[in-house]
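Encoded as structure tokens, the structure appears first; notes follow it.
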Amino acid sequence: MSSQRALRVAVVGTGTMGADHVRRLRNVISGARVTAVVDIDAERAKSLADATEGCTAYTEPAVAMAAQDVDAVLIASPGPAHEAALLEALSRDLPVLCEKPLTPDAASALRVLEAEQKLGHRRVQVGFMRRYDAEYLKLKRLLDEGKLGRTLMLHQQHRNPAMPAWFTEEMLINDSVVHEMDVTRWLLGQEITAVTVHKPAPSAQAPAGMSDPQFVLFETGAGALVDVEIFGHCGYGYEVHAEAVCEHGTVRIGDEHGPRVSADGRWGGRVTPDYIERFQDAYDREVQAWVDATRRGEVTGPGVWDGYAAAAVCEAGVLSQREGRRVEVELVERPALYR
Ligand code: NAD
């Protein structure tokens, strides 16, 4: 599809991310408008549709996707609902931006991979938005330039002030560290081959039944070592850092948010409270890039292979977390469509 007309988008799932994407499509993004919102919570969908001109509320993703005024789908329902929505969209050959994770496990991700291959062309972009963050893009450019030599290690920290009550220990890996899995694969251009999860003595702020923080070690195809500190309840704000250690230098990102203020005999800055604020620009760039590519009839950005590879690493990570041992990642051969 190559179109001068605004892309007519159905947003599936209207919770935190879905509502934020509707606002973004309405107020920030050019070349698109929201014509359908879908939520199993009918009230939530209706109130968002009522606030959005020319938008209809649905409770069934398949019904919205069949509507005449829907050209593309943005999936922002919880991970376990993604597979059904993705398969429905692919069966209709509709372009999709699917929030991470593609699906919660490797077997279901593989079914999506098979469905897209059957279609014969790529239709799905996965919402790994850090690839659109200005600081990550600078880091990627520096590593790709090659002046610093090979990347030997990557140190990463991912800290949240607190997690919702329903957030499980497994989700530290497959909902949070999944972002570091994707940026590691993207920055280094290598697959992750093994995962080991270590658990230090838990913080007193960790909820009952959750060991928090955790220390995750990835091994990669070309022998790099990558560590991730995931801290779900650090209490003070939302922080994401990454430091690449290369043969001829190091690069660190994640420290430059807002002005550094010196006053009253002190200096300091502000820590962003949450991911919505920290990655706001990245979400904007991600959705604009998806709309632009879709209107050109193209798919750019992370795709189903990236979603599947991340799901396979998550599976190894959760097993390592449970059994306290190093677990190798099992991947199928990369299909031609994704090479
Ligand atoms: P949420 O719980 O706030 O919202 C989910 C919404 O989906 C709810 O309104 C729920 O009623 C609705 N829903 C549930 N099942 C549905 C179905 N089958 N069909 C349609 N609607 C359904 O969740 P959230 O925090 O907005 O997360 C949504 C997705 O976004 C998840 O995949 C999550 O991992 C992802 N996410 C991504 C980022 C990021 O940084 N990229 C950050 C947070 C969440």
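What shape does the range 273-314 have by the C-alpha gyration tensor, where a ≥ b ≥ c are the square roots of the eigenvalues, rounded means a/c under 1.5, and otherwise prolate means a/b greater than b/c and oblate the rest?
oblate
Below 9 angstrom from the Cβ of THR59, what's the summed charge of the other residues (Lys, Arg +1; Asp, Glu -1)?
Counting the neighbours of THR59, the net charge comes to -3.
Please report Rg (one decimal) and Dmax (integer) in Å for the Cα set of the range 21-103.
Expressed in Å, the Cα Rg and Dmax of the range 21-103 come to 12.1, 31.
Explain nothing, just the number: relative contact order of the chain, from Cα pairs under 8 Å at least 6 residues apart, as a whole percent.
Rounded, it is 20 percent for the chain.
By DSSP, what percent of the beta bridges with both residues in the chain are antiparallel, rounded to the nearest 5?
Of all bridge pairs located within the chain, approximately 55 percent are antiparallel.
Considering only the other residues whose Cβ falls under 15 Å of the Cβ of GLY235, what net charge follows from Lys and Arg at +1 and Asp and Glu at -1?
For residues surrounding GLY235, the net value is -3.
Given a 1.4 angstrom probe, what's the average accessible area per residue across the chain, in square angstrom?
On the way: 15150 Å² over 339 residues.
For the chain, the solvent-accessible area averages 45 Å² per residue.
Using only protein heavy atoms and a 1.4 Å probe, report how much of TYR275 is accessible, in Å² to the nearest 10.
The accessible area of TYR275 comes to roughly 90 Å².
For the range 52-63, what does the Karplus curve 6.51 cos²θ - 1.76 cosθ + 1.60, with θ = phi - 60°, yield as ³J(HN,Hα) per residue in whole Hz, taken in order and with x for Gly and Pro?
10, 4, x, 10, 10, 8, 10, 10, 10, x, 5, 5
If you take the Cα atoms of the range 180-285, find Rg, then find the Kirkwood Rh from the mean of 1/r over all pairs, what is Rg/Rh?
1.01
Divide by every residue of the chain the summed helix terms, -39500 (n - 2.57) for each DSSP H run of at least 4, and state the resulting mean residue ellipticity at 222 nm, rounded to the nearest 500 deg cm²/dmol.
Value at 222 nm, helices only, nearest 500: -10000 deg cm²/dmol.
With the alpha-carbon atoms as the only input, what is the per residue convex hull volume for the range 97-179 in Å³? Display every interim value, and only then the final one.
Working: hull volume 13.4 nm³, N = 83.
Roughly 162 Å³ of hull volume per residue.
Can you list residues from other chains, or at least 5 along the same chain, whose modelled amide H is less than 5 Å from the amide H of THR220?
THR193
Show me, for the range 222-237, the HN-Hα J-couplings you get by feeding each phi into the Karplus relation (A = 6.51, B = -1.76, C = 1.60, θ = phi - 60°), rounded to Hz, glycine and proline as x.
9, x, 6, 10, 10, 10, 10, 8, 10, 10, x, 9, 6, x, 10, x
Which net charge results for the neighbourhood of LEU188, defined as the other residues with beta-carbon distances under 15 angstrom from its beta-carbon, given Lys and Arg at +1 and Asp and Glu at -1? Don't jump to the answer; show the numbers that get you there.
Values: positive: ARG130, ARG131, LYS140, ARG141, ARG150, ARG185; negative: ASP144, GLU145, GLU180, ASP182, GLU191, GLU219, ASP227, GLU243, GLU247, ASP306.
That sum, taken over residues with Cβ under 15 Å, equals -4.
Please list LEU188, LEU137 in order of solvent-accessible area, largest first, computed with a 1.4 Å probe with all protein chains present.
Order by accessible area, largest first: LEU137, LEU188.
Using DSSP H assignments, which helices in the chain have an axial alpha-carbon span of 24 Å or above and a mean Kyte-Doolittle hydropathy of -1.0 or higher?
304-323
Treat the range 291-334 as a sphere of radius equal to its Kirkwood radius over Cα pairs and apply Stokes-Einstein at 4 °C in a medium of 1.567 mPa s; give the translational diffusion coefficient in µm²/s, rounded to a whole number. Please list the in-between numbers first.
Working: Rh = 12.4 Å.
Estimated via Stokes-Einstein, D reaches 104 µm²/s.
When the accessible area of the chain is computed with all protein chains present and a 1.4 Å probe, what percentage of it is carbon and sulfur?
So the carbon and sulfur contribution to the accessible surface is 51 percent.
Taking every pair of distinct Cα atoms and averaging 1/r, then inverting, what Kirkwood hydrodynamic radius in Å comes out for the range 29-69?
That comes to 10.4 Å for the range 29-69.
Nearest 5 is fine: what % of DSSP beta bridges in the range 80-230 come out antiparallel, could you say?
Restricted to the range 80-230, the bridges split so that about 55 percent are antiparallel.
Out of every Cα pair in the chain, what percent are spaced more than 27 Å from each other?
On the way: 26911 of 57291 pairs.
Looking at the chain, the distances longer than 27 Å represent 47 percent of pairs.
The values are calculated or read from the model by the stated rules, or taken from the named source; none is laboratory data. Note that the coordinates shown come from a computational prediction; the quantities given were computed from them, not determined experimentally. All Cβ positions, glycine included, derive from the backbone under ideal geometry; neighbour counts span all protein chains shown. Protein only, heavy atoms only, side chains kept; ligands, DNA and RNA dropped before computing areas. Shrake-Rupley method; radii C 1.70, N 1.55, O 1.52, S 1.80 Å.
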